[in-house]
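The values are calculated or read from the model by the stated rules, or taken from the named source; none is laboratory data. Quick caveat: nothing in here was measured; it's all calculated off a predicted structure. Here the Cβ positions follow ideal geometry from the backbone for every residue, glycine too, while neighbour counts run over all protein chains shown.
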Amino acid sequence: MSHPLTSAPDVRIRGLHKAYGSTHALDGADLDVQAGAVHAVIGENGAGKSTLVKVLAGLVVPDEGRAEIGGAAADLGSPHHAQRAGVATAFQELSLAPDLTVAENLSLPRPPRNRFGIVSGRASRSAAREALERWEAGHIDPLARVGGLSLSAKQQVEIVGALAREPRLLILDEPTAALGGTEVEWLFRQVGRLRASGGCTVLFVSHRLSEVRELCDSMTVMRNGRRAGSSDSTHIDEERIIDMMIGESLAQIFPKRPPEPTGSPVLAARQVGSGRLQSASLELRKGEILGIAGLQDHGQRQLFRALFGADRIDSGHIELDGRAVRFRSPRSAIRAGIGISLVPEERVTEGALSTMSGRANLTLPTLDRFARFGWINRRREEAAALDALRALDIAERALWEPVEALSGGNQQKLIIGKWLIAEARVMLLYDPTRGVDIRTKSEIYRLITELAAGGRSVLLYSTDLDEIVNLCHRAQVCYRGALGVPIQAANLTNQALLTEMLGGELPKEVAA
């Protein structure tokens, strides 16, 4: 990871301020990044990272402050100006157009035209194929519609689009949150190529400290809209980083596991097949946290969607309280008496209506419970939403603000909160801490254990194996469309999960 950094900063930011009403997203933020460095920006959700990225990308105009790139003042008042300054950004919440092809997305915002000024589809496809091959993503079809790609493939297209612009400053906003292990290795190789070329400075925004240490030369920690400290990434311990992030030591991230559940299954899958999912059997008891682990695209997403009625079941069946049920849609899974809920993989596009208020999002699945004779009782609706916000430790202003104005962590907590109002008894949580900061992760862990301790049943998929190991009573691995035998908490380790995830067999004393 060593890189001969130059003495002069390539990126220099001083005194950036940005307020939204009484909320100061940036409050005098400073940043120095040396030329050719891979520099991390870390901090809690709401620390100002996203606003800083949007300022550099030209999407947000700061109230005060200045930015320099390459020693020259940078006018970043629009995406066009930012691109002219040599800035390219790959966003966590993807900027791709789902109804366009990969080639069409990669050609935006200035698609190639023929001599008559007409957009050339042939030139777009050729350029896209060349860019994908150059950046080792040739397995992605340039003619594929982006909306039909997996989340990891979408993120790769987003990153290739930024790389293909040959930027002076490349901003990677939580790029690994949507990537599997193989794709993370791919990203690190591409960043390594940029480092070796010496012609590009990389700003890497992440919550994953292990990746920061492995990939980055240096880091800046943000807190409350300003710089809390800077350091190289190899000579600072994790406790010091967390102290800078949150102003205190976070001694215990994972809460105590709830008592061992007993009784018959609340929800069961019996040899369920759906798309990539070929044969999934599981039993989820009242008060249990059952973990699901697996490498990308081994059927775990189809399992969660099938249990929620979002995907059709091709074989097998689902049982609720010992009786076979068939869900024709998510509405039938949500309804009273069933009480199954899903926190999906993509929180912005699948889990929330980002332009609507927090109140509207919280009560949308259960709006009929606040209505009588076709009229909604706004007082009852608002009271229920406020109770959920307090339980989730979200500021009351989220009741009226659009979801898109909230931090990523609060967005995710809000998506969980709507199912608290719905009084769901089975919670399907698909990677619920993806892309959130360490404090919010701890809050979500606490919430999960409290839900289980209160008698709710939780099915938890996570790309972070530490979450499976430390939160779950049992875990099963999804491999090639099938679920393995459950591993009990006493034998639940990262090694045991990885062994099955890579196709190995567990010793008999580990498999339950």
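Given the residues Arg129, Arg165, which is the only one that is part of a helix (DSSP H, G or I) and surrounded by fewer than 20 Cβ atoms within 10 Å (Cβ to Cβ)? Answer to the check: Arg129. Looking only at residues that are assigned to a strand (DSSP E or B) and surrounded by 23 or more Cβ atoms within 10 Å (Cβ to Cβ) in segment 392-430, which one is farthest from the chain's Cα centre (by Cα)? By that ranking, first place goes to Met427. The residues in segment 11-36 that are surrounded by 24 or more Cβ atoms within 10 Å (Cβ to Cβ) and closer than 17 Å to Pro167 by Cα can be counted, and the count is 1. The number of residues in segment 205-231 that are touching a helix residue (DSSP H, G or I) at 6+ places or on another chain (Cβ under 8 Å) and charged (D, E, K, R) comes to 3. Of all the numbered requirements in (1) among the small types (Gly, Ala, Ser); (2) without any contact (Cβ under 8 Å) to a residue 40 or more places away in the chain; (3) touching a Leu at 6+ places or on another chain (Cβ under 8 Å); (4) in a loop (DSSP other than H, G, I, E, B), Gly117 misses one, and that requirement is (3).
The numbered conditions (1) among the charged types (D, E, K, R); (2) at pLDDT 90 or above; (3) farther than 28 Å from Ala85 by Cβ are all true for Arg115 except (2).
Per the conditions (1) charged (D, E, K, R); (2) touching a residue at least 24 places away in the same chain (Cβ under 8 Å); (3) within 30 Å of Tyr20 (Cβ to Cβ); (4) not in a strand (DSSP E or B), the sole criterion not satisfied by Arg66 is (4).
Gly77 meets the conditions (1) small (Gly, Ala, Ser); (2) without any contact (Cβ under 8 Å) to a residue 40 or more places away in the chain; (3) assigned to a strand (DSSP E or B) in every case but one. The failed one is (3).
Scanning segment 37-57 for residues that are under 26 Å from Lys413 (Cβ atoms), hydrophobic (A, V, I, L, M, F, W, C) and either in the same structural domain as Glu443 (by TED's automatic domain parsing) or buried (at least 24 other Cβ atoms within 10 Å of the Cβ) (or both) yields Ala40, Val41, Ile42, Ala47, Leu52, Val55. Within segment 231-266, the set of residues being touching an Asp or Glu at 6+ places or on another chain (Cβ under 7 Å) and either of a type in the set (Phe, Trp, Tyr) or modelled with pLDDT of 85 or more (or both) comprises Asp232, Pro261, Pro265, Val266. Checked against the criterion of being of a type outside the set (A, V, I, L, M) and surrounded by fewer than 20 Cβ atoms within 10 Å (Cβ to Cβ), the candidates Arg301, Arg276 yield just one match: Arg276.
Per-residue answers, yes or no, for (1) without any contact (Cβ under 8 Å) to a residue 60 or more places away in the chain; (2) touching a Lys or Arg at 6+ places or on another chain (Cβ under 7 Å); (3) not aromatic (Phe, Trp, Tyr):
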{"site": "Gly299", "(1), (2), (3)": "no, yes, yes"}
{"site": "Leu303", "(1), (2), (3)": "no, no, yes"}
{"site": "Glu319", "(1), (2), (3)": "yes, yes, yes"}
{"site": "Arg326", "(1), (2), (3)": "yes, no, yes"}
{"site": "Ile334", "(1), (2), (3)": "no, no, yes"}
{"site": "Ser341", "(1), (2), (3)": "no, no, yes"}
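If you check Thr363, Thr355 for being assigned to a loop (DSSP other than H, G, I, E, B), out of contact with any Ser or Thr (no Cβ under 8 Å at 6 or more places or on another chain) and touching a residue at least 40 places away in the same chain (Cβ under 8 Å), only one passes: Thr355.
When Thr440, Thr499, Thr433 are checked against the criterion of being in a helix (DSSP H, G or I), β-branched (Val, Ile, Thr), in contact with a helix residue (DSSP H, G or I) (Cβ under 6 Å, 6 or more places away or on another chain) and outside the structural domain of Ala47 (by TED's automatic domain parsing), Thr440 stands alone in meeting it.
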